[in-house]
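*Asks:* Before I ask anything, let me first share the structure, which is written out below as structure tokens.
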Amino acid sequence: MAGLVKYVDISAMEPASQLLSNPNSTDNQSSVTNSTAVAITSLGYVFAPADFSIKLVFVVLFAIFGVIGLVGNILILYFLSKKKSVPFLQSSPFLRNFNLYMKSLALSEILVTSIGGVLICIELMYDVFQNGWPCKIRRYISGTFSVIRANNLIVISTERFLSTRDVPKTFSGSNVRKLVYTAWLSGFFMGLFPAATTNGVRYDINATHYTMVCKPDTSYLPNRVIVVGFVLIQVVIPSIALICMNIIIARRIWKGSKRRIDIQRDNAIKARMRSHQIKKTSLIIIVTIASVLPYSTILYYTAFVAVAEASLDFQEDFVIRHFSRALVFSVSATNFIIYLVQMKDFRVFLLKHLRCSN
């Protein structure tokens, strides 16, 4: 398959040099125009001209990540809803709010896997979302849930960061709920901007065929401004902030875990409370880093194509783009695995219910 280009290749047709033997002739110039018009209109449309086996591999990959993420986060949500609070832990604002944080994050992951994953698999195999409003709607749904996930992580990490300062600042339960609601509402709003720039972008494969790809159409300056602004505001800046905040939080809890216990200041209840805080804060740090890193693959690839002006074969571009999307989509399954490994009470809860079902 020929290299990917963004213009019509008419080299296989009658050479223009023969038609322009007399440059001053308007007849010859009109012949060139007519030949070009015929070349453009005669191109045949092909849906996603990549090997079927490659598409099938990605469908299976998205399906595996989707099932693990969906089932796992439903179990997390169910566990948090049924979990009984330990009375002495209620004196810690963070521990009181931890369940709300994780419920909100689990719900966003459930929506990402149940709705976004299905739409991605349909897009891979069927010519449904490649152009027009179906393209915009599909992109809005998938993008919005990812934005909500990121906003939830920002709320959680910011609260943890402020609570570990020398002069700690903690949020009340009502303020946490307001922040979580704001994260969801802003996600639904921010998702409109990249979706508005999305359309079926035409790629000419060779002299006879072209295809359409549902992606932001950056051939217009306003669209480029919106896309760059969205990436900076919603991806790059928050990612850097999340990584920096969680590194600082990790250093704080590491120092806190190493300090000696003062019998005059500590008792068994306070020591156990501090242990729970360290464990749950570590969980948040790991989940945040695991959620942020996969987005870098898409940014690096986009920057490489833009700066190097790379011309890739469509199938190569198809594989790289969807592999990057699969990494981002896998975050839902990764979060469940992290929660399963880190939280002993969650494992005990699952084993108990498995034994009861048997």
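The values are calculated or read from the model by the stated rules, or taken from the named source; none is laboratory data. Just so you know, these numbers come straight off a predicted model, no measurement behind them. In this analysis, Cβ positions are derived from the backbone assuming ideal geometry, glycine residues included, and neighbour counts consider all displayed protein chains. Each accessible area value is taken on the protein alone, full model and side chains, heavy atoms only, with ligands, DNA and RNA left out. Shrake-Rupley method; radii C 1.70, N 1.55, O 1.52, S 1.80 Å.
*Asks:* Can you tell me which residue is nearest to Leu242 (Cα to Cα) among those in segment 129-155 that are open to solvent by 40 Å² or more (accessible area, probe 1.4 Å) and part of a helix (DSSP H, G or I)?
*Replies:* Ranking the candidates gives Ile154 first.
*Asks:* Among (1) surrounded by fewer than 18 Cβ atoms within 10 Å (Cβ to Cβ); (2) at pLDDT 85 or above; (3) among the hydroxyl-bearing types (Ser, Thr, Tyr), which single condition is Ser172 missing?
*Replies:* (2)
*Asks:* Those residues that are modelled with pLDDT under 85 and open to solvent by 50 Å² or more (accessible area, probe 1.4 Å), I need them from segment 316-343; list them, please.
*Replies:* Glu316, Ile320, listed by residue number.
*Asks:* Among the numbered criteria (1) farther than 24 Å from His322 by Cα; (2) of a type outside the set (Val, Ile, Thr); (3) surrounded by fewer than 20 Cβ atoms within 10 Å (Cβ to Cβ); (4) touching a helix residue (DSSP H, G or I) at 6+ places or on another chain (Cβ under 7 Å), which single criterion is violated by Cys121?
*Replies:* Cys121 satisfies every listed condition except (1).
*Asks:* Hey, could you check segment 177-186 for residues that are touching a residue at least 12 places away in the same chain (Cβ under 8 Å) and hydrophobic (A, V, I, L, M, F, W, C) and say which is most open to solvent (accessible area, probe 1.4 Å)?
*Replies:* My answer is Leu179.
*Asks:* Taking Thr158, is it of a type in the set (S, T, N, Q) and either open to solvent by less than 30 Å² (accessible area, probe 1.4 Å) or in contact with a strand residue (DSSP E or B) (Cβ under 7 Å, 6 or more places away or on another chain) (or both)?
*Replies:* No: the conditions fail for Thr158.
*Asks:* What pairs come up if the first residue lies in segment 187-207 and is under 27 Å from Pro238 (Cβ atoms), the second is among the aromatic types (Phe, Trp, Tyr) and modelled with pLDDT of 85 or more, and their beta carbons are under 6 Å apart, counting only those six or more places apart or on different chains?
*Replies:* So the pair list comes out as Gly191/Tyr140; Phe193/Phe230; Pro194/Phe230; Ala195/Tyr140.
Table: residues versus (1) modelled with pLDDT of 90 or more; (2) assigned to a helix (DSSP H, G or I).
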position: Phe188; (1), (2): yes, yes
position: Tyr203; (1), (2): no, no
position: Ala207; (1), (2): no, no
position: Tyr210; (1), (2): no, no
position: Cys214; (1), (2): no, no
position: Ser219; (1), (2): no, no
position: Val231; (1), (2): no, yes
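*Asks:* Going by what's in this entry, would Ala326 be described as over 15 Å from Leu77 (Cα atoms) and either of a type in the set (Gly, Ala, Ser) or touching an Asp or Glu at 6+ places or on another chain (Cβ under 6 Å) (or both)?
*Replies:* When the stated conditions are applied, Ala326 passes them.
*Asks:* In segment 217-238, which residue that is touching a residue at least 40 places away in the same chain (Cβ under 8 Å) and of a type outside the set (A, V, I, L, M) is surrounded by the most Cβ atoms within 10 Å (Cβ to Cβ)?
*Replies:* Going through the qualifying residues, I end up with Gln234.
*Asks:* Out of the residues in segment 239-261 that are of a type in the set (D, E, K, R) and at pLDDT 80 or above, state the one that is surrounded by the most Cβ atoms within 10 Å (Cβ to Cβ).
*Replies:* The qualifying residue surrounded by the most Cβ atoms within 10 Å (Cβ to Cβ) is Arg252.
*Asks:* For segment 1-111, give me every one of the helices (runs of 4 or more DSSP H) that falls completely inside it and has 3 or more residues that are in contact with a helix residue (DSSP H, G or I) (Cβ under 9 Å, 6 or more places away or on another chain), of a type in the set (A, V, I, L, M, F, W, C) and modelled with pLDDT of 50 or more. So that I can check it myself, show each step before the final result.
*Replies:* On the way: elements: 16-19, 26-41, 52-82, 93-111.
Passing ranges, in order: 52-82, 93-111.
*Asks:* Okay, next question. Can you name every residue in segment 341-358 that is more than 19 Å from Ile278 (Cβ to Cβ) and of a type outside the set (Phe, Trp, Tyr)? Before the answer, list the steps.
*Replies:* Kept after step one, since they are more than 19 Å from Ile278 (Cβ to Cβ), are these residues of segment 341-358: 348-358.
Matches in segment 341-358: Val348, Leu350, Leu351, Lys352, His353, Leu354, Arg355, Cys356, Ser357, Asn358.
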